[in-house]
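Report on the structure given below.
The values are calculated or read from the model by the stated rules, or taken from the named source; none is laboratory data. Predicted, not measured: the structure shown is a model, and the values here were computed from it. Cβ sites come from the backbone with ideal geometry, for glycine too, and all protein chains shown count toward neighbours.
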Amino acid sequence: MSDRAENDPPPEASSPVCLMAEVDDVYMGFAGRAELHESLTKLLTLQRHLAAADGDEVRWCARLSECVARLGAAIAERVDDRPDARARLIADLRLLLPRVRDDRLHADLSTLLNWHEARLGHHHPSRSKE
């Protein structure tokens, strides 16, 4: 039998409801919209440099352009003539991916990273099956 009277309110929960899903991305350590826009623009610039040499690269330019558009941002036109564009793109993707909260964007960028790593014959240690 309970010590609580029928009209007593139920006991309060020991902890409040978790509202982490409603917290701003930046507060949680994820990249904000402005940072994502800047990073995606940089990736698109590198990708455009590579597109001059290969038709498959053009497809990735279009995919990155779609990612920028989903952010509701304009695509900045920048020219970057870098001989190390693919290596820089891979490095930038590896830095950005852990900070991307959006599942669809994360999947797109992960696919792009895997594709570029395969083109160079690189394998990220965390993905190795050895």
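Right, L113: among the hydrophobic types (A, V, I, L, M, F, W, C), modelled with pLDDT of 85 or more and touching a Leu at 6+ places or on another chain (Cβ under 7 Å) or not?
yes
Checking D80 against (1) surrounded by fewer than 16 Cβ atoms within 10 Å (Cβ to Cβ); (2) modelled with pLDDT under 85; (3) assigned to a helix (DSSP H, G or I), which single condition isn't satisfied?
Of (1) surrounded by fewer than 16 Cβ atoms within 10 Å (Cβ to Cβ); (2) modelled with pLDDT under 85; (3) assigned to a helix (DSSP H, G or I), only one is false for D80: (3).
I need the full set of residues from the stretch 7-26 which are surrounded by 10 or more Cβ atoms within 10 Å (Cβ to Cβ) and at pLDDT 80 or above, in order please.
Of everything in the stretch 7-26, those that are surrounded by 10 or more Cβ atoms within 10 Å (Cβ to Cβ) and at pLDDT 80 or above turn out to be D25, V26.
List the pairs whose first member sits in the stretch 29-55 and is in contact (Cβ under 8 Å) with a residue 12 or more places away in the chain and closer than 17 Å to L113 by Cβ, whose second member is surrounded by 18 or more Cβ atoms within 10 Å (Cβ to Cβ) and polar (S, T, N, Q), and whose Cβ atoms are under 6 Å apart, counting only residues at least 6 apart or on separate chains?
As it stands, the answer is none, since no pair meets every condition given.
For G29, are the conditions met, namely being more than 26 Å from L120 (Cβ to Cβ), modelled with pLDDT of 85 or more and either of a type in the set (S, T, N, Q) or part of a loop (DSSP other than H, G, I, E, B) (or both)?
Criteria met by G29.
Within the stretch 27-53, track down each residue that is among the hydrophobic types (A, V, I, L, M, F, W, C), in contact with a Leu (Cβ under 8 Å, 6 or more places away or on another chain) and surrounded by fewer than 19 Cβ atoms within 10 Å (Cβ to Cβ).
Those that are among the hydrophobic types (A, V, I, L, M, F, W, C), in contact with a Leu (Cβ under 8 Å, 6 or more places away or on another chain) and surrounded by fewer than 19 Cβ atoms within 10 Å (Cβ to Cβ): none in the stretch 27-53.
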